[in-house]
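All remarks here apply to the structure that follows.
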Amino acid sequence: MAAIREIGRSSFDERALLELLRDAVDAGASVGYLAPLPDADGNTYWRAVKAALAEGRVLLGAYVDERLVGSVQLDPVGKPNGRHRAEVQKLLVLREFRGRGIAKALMAAVERKAAELDRWLLVLDTVPGQPAEKLYERLGYRRAGVVPDYAEKSGGGFEPTVIFYKKLE
């Protein structure tokens, strides 16, 4: 089983995080980038995440034998009318480690962290028909709707996104 730990600025491994993002993009995940992922784009993204940690973003990592094999982010809303909610972002698990319950463990950890921060409404989105959609449904997330042509695909064309939410108990 994977050990889930919060990644702070001092434990931030940009190289390992870049590997996670590249693996997801190369596998066709709709996580904001098109394949092939240039190092510069990935590094710029992770540097922005590292900076956002100082502003309240939470980054959790899943480790197997001290190797980073997965991550997920929690982005608490900072606006006065949204301090009860947060967005779950970029659930990533290396392909070679999928099917071992790591994504489920990361989601359980991100929900615990949200509760610690008094964030009881979580929102996220994913591509319909992908394994992540079924995972979120199994974890009690409710479908809010589908937005057509939401993101460009690496192979051309566009794909929709489905928006989910969950009220933590």
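The values are calculated or read from the model by the stated rules, or taken from the named source; none is laboratory data. Quick caveat, the model's predicted, so the values are computed rather than measured. As a convention, Cβ positions derive from the backbone with ideal geometry for all residues, glycine included, and neighbour counts pool all protein chains shown. Only protein heavy atoms, including side chains, enter the accessible area calculation; ligands, DNA and RNA are left aside. Shrake-Rupley method; radii C 1.70, N 1.55, O 1.52, S 1.80 Å.
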First measure r as the distance between the Cβ atoms of residue 134 and residue 159, then evaluate 1/(1 + (r/R0)^6) with R0 = 22 Å and state the FRET efficiency to the nearest 0.05. 0.85
Apply the Karplus curve 6.51 cos²θ - 1.76 cosθ + 1.60, θ = phi - 60°, to the phi angles in region 69-80 and return the couplings in whole Hz, x for Gly and Pro. 10, x, 7, 8, 10, 10, 10, x, 6, x, 6, x
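Looking at the square roots a ≥ b ≥ c of the eigenvalues of the Cα gyration tensor of region 87-169, which shape do they give, rounded for a/c under 1.5, prolate if a/b is larger than b/c, or oblate? Let's see the in-between values first.
Details: a/c = 2.19, a/b = 1.35, b/c = 1.62.
Verdict is oblate for region 87-169.
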Can you tell me the accessible area per residue over region 25-169, all protein chains present, probe 1.4 angstrom, in square angstrom? 54 Å²
Placing each pseudo-label 7 Å from Cα in the direction of the beta carbon, residue 168 and residue 48 end up separated by a distance in nanometres of 2.5 nm
Phi to ³J(HN,Hα) by Karplus 6.51 cos²θ - 1.76 cosθ + 1.60 over region 93-104, Hz, x for Gly, Pro: 9, 3, 3, 5, 10, 6, x, 10, x, 5, 4, 4
Quick check for region 11-169: number of Lys pairs with alpha-carbon distance under 16 Å, counting only pairs 8 or more apart or on different chains? 10
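Dividing the Cα radius of gyration by the Kirkwood radius, what Rg/Rh value follows for region 14-113? Kindly include the intermediate steps, with their values, before the conclusion.
Working: Rg = 13.7 Å, Rh = 14.2 Å.
Taking Rg over the Kirkwood Rh, I get 0.97.
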Approximate spin-label separation residue 1-residue 96, in nm, with each point projected 7 Å along Cα-to-Cβ: 2.4 nm
Calculated [θ] (222 nm, deg cm²/dmol) that DSSP helices of n ≥ 4 give over the chain, each run adding -39,500 (n - 2.57): -9500 deg cm²/dmol
Expected vector for region 158-169, Karplus 3J(HN,Hα) from phi with 6.51, -1.76, 1.60 and θ = phi - 60°, integer Hz, x for Gly and Pro, equals 10, 9, x, 10, 10, 9, 10, 9, 8, 8, 6, 9
What fraction of the DSSP beta bridges in the chain is antiparallel, stated in percent and rounded to the nearest 5? 90 percent
Counting only protein heavy atoms, what percent of the accessible surface of the chain is carbon or sulfur at a 1.4 Å probe? 48 percent
Hey, rough spin-label estimate for residue 151 and residue 121, points 7 angstrom out along Cα→Cβ, what's it come to in nanometres? 2.4 nm
